[in-house]
Amino acid sequence: MDDRFRYKWWALLGVCLLAFTAFLDATIVNTALPFIQTALNANILQLQWIANIFTIVLSMTLIALGKFADLWGRKKIFYTGVFLFALAAFGAGLSPNTEFLVLFRGMQSLGASAILVASTALLSNVFPEKERVRAISIYAGVTGFGLMIGPFLGGILIALLGWRWVFWINLPLIGIGLSACSFSLKGHSHNKPSTQIDWKSLILLIFGLGSLLYGIIAGAQSNWLSIRAWIWLGLGIVALVCLLMLDARSQNALLDLHIFKKNLIVLAALSCAFGGVVSTVFMFFDPLYLRILRRLSPFLIGLLIAIIPAAQVIISFTFNQLEKWFGTANLLFVSNLIAFLAVALHRVLQLETPLIFLVLPFFLLGINWGLSNAATMTAANQVIATHEIGAAMGMIFTIWDLVGSILLAASTAVFHATEMRTSFLPAFHNAIDFNIAFAAIVFLGAIWARIRLKESTSRFG
């Protein structure tokens, strides 16, 4: 056996466990939100920051950390992310108020971003080429299981130990993962990297996205009466416009916007926009509906919410066959259609709605989540040059996080404004109506992209 691959399975175990914690945190905290609200006396706007800061930081840092990993070493970035994530998980569990919890959640997200950009690339260094697809498939299954088990595990931990353990559960897993990686994980070659960092573009990207998101959140929460919100919004727009102008003159543009000239990528981006709504807005509001309005136990909430990521995992494991039967373009269009139906079905949820009815919209949300992930990666491999796939995936999944962050901020603002005048259920329905309007626009875009794709296929096929 080649000594380079001697500890490959230990490396896979360690990387999978460490990435598992990052994916677990994307869903486990949602089950805890109603209990965090009670324990820390948080209002809906503060609760929104606890949920949304994770996605906001991911939106701001995924592209940048991918560049850093290529330049400075993926192993260094990976371990830095793991230690930051562990420190933040410990701090989040100790948080005495929402301000500290938001701070530590943001730190967790920064650590998770570093873990996600480096993990799969590191596996390619410890597995021979013929086994890499198998290794990455196992990695995808384990991390998908993290998404699936999060709500259910969160419900059990809250019922037995309290909400703080949804953060502390990461620590023993990180310890085991680091132990497995300590002797088995190899970094990539330290030859002079071909990737150079355009610091001006990166600073403009991070500052622009952060300012834009903060401006939108602050503006929505103040009914657009806050001067500070408008200032941040303006600064974000100016920074992003400057970035686009700078990229237009650069030989190595940070943002590869030309990929959106391809209709299949447009269809994938629209599906990911729906994915952002699923993984942020509905993973935020559905647990609140189940706890505050339906008065369900933590265990039952976790069990019901787990339907969403469970459907995502099922799609991940069956996608290869589905793609052979229906094709990537058709699956992406179906993903958009299913997401629109799932959003619309939430409008009929009432106080006495049978719990069995909840299975359908939750399952449909999970199907969109799974198809958005798998079909988008497949679409990128089909129509984008090999050396551009990484950057393209970063662009598309930044749309996922960006849309999710903006829609969650706007939805909670709509909810809060209504709840102050009425009660939970009308506020919940108004937030859903807002998302239905957005979903209708996205779905019309998907219809347009699918028609254009069919026309171009007929013309050149």
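The values are calculated or read from the model by the stated rules, or taken from the named source; none is laboratory data. Here the structure is a predicted model, which is why all the values come from computation and not from measurement. No Cβ is skipped: glycine too gets one built from the backbone with ideal geometry, and neighbour counts run over all protein chains shown. In case anyone asks, the SASA skips ligands and DNA or RNA and just uses the protein heavy atoms, side chains included. Shrake-Rupley method; radii C 1.70, N 1.55, O 1.52, S 1.80 Å.
Observations on the structure shown:
- Summary value for the chain: 22 percent relative contact order, contacts being C-alpha pairs under 8 angstrom separated by 6+ residues.
- Residues in the chain average 43 Å² of solvent-accessible surface per residue, probe 1.4 Å, ligands and nucleic acids excluded.
- FRET efficiency for the LEU94 to ILE451 pair, using the beta carbon distance and R₀ = 45 Å, is estimated at 0.25.
- Computed over the chain, the per-residue total of -39500 (n - 2.57) for DSSP H runs of n ≥ 4 gives a 222 nm mean residue ellipticity of -28000 deg cm²/dmol, rounded to 500.
- For the range 425-435, backbone phi angles converted through the Karplus equation (6.51, -1.76, 1.60; θ = phi - 60°) give residue-by-residue couplings of 5, x, 5, 4, 5, 5, 5, 5, 4, 4, 6 Hz, Gly and Pro being listed as x.
- At full extension, LEU45 and ASN381 could sit 117.0 nm farther apart than now, given 0.36 nm per residue minus the alpha carbon distance.
- Listed residues GLY144, PHE424, ALA39: farthest to the positive end of the dipole of the chain (Cβ charges): GLY144
- For the range 30-183, the fraction of 1.4 Å probe accessible surface lying on carbon and sulfur atoms is 69 percent.
- Between the range 275-290 and the range 153-187, the alpha-carbon center distance in angstrom: 24 Å
- Relative contact order for the range 32-183, counting Cα pairs under 8 Å that sit 6 or more residues apart, in percent: 28 percent
- Average Cα contact separation per residue, the range 262-357, under 8 Å, 6 or more apart, as relative contact order %: 44 percent
- Accessible-area composition of the range 357-447, carbon plus sulfur, in percent [1.4 Å probe]: 73 percent
- Subset of LYS75/LYS262; LYS130/LYS324; LYS261/LYS324; LYS8/LYS262 violating a 27 Å alpha-carbon distance limit: LYS75/LYS262; LYS8/LYS262
- P(r) weight above 43 Å for the chain, C-alpha pairs, percent: 10 percent
- Backbone phi angles across the range 291-307, fed through the Karplus curve with coefficients 6.51, -1.76 and 1.60 (θ = phi - 60°), yield HN-Hα couplings of 8, 6, 8, 8, 6, 7, 6, x, 4, 5, 4, x, 5, 5, 5, 4, 4 Hz in residue order; Gly and Pro are listed as x.
- Distance from the alpha carbon centroid of the range 203-267 to that of the range 41-109 works out to 21 angstrom.
- Simple label model, 7 Å out from Cα along Cβ direction - PHE83 to TRP199, nm: 2.3 nm
- Of the residues GLY210, GLY154, SER411, the one whose Cα sits farthest toward the positive end of the charge dipole of the chain, with +1 on the Cβ of Lys and Arg and -1 on the Cβ of Asp and Glu, is GLY210.
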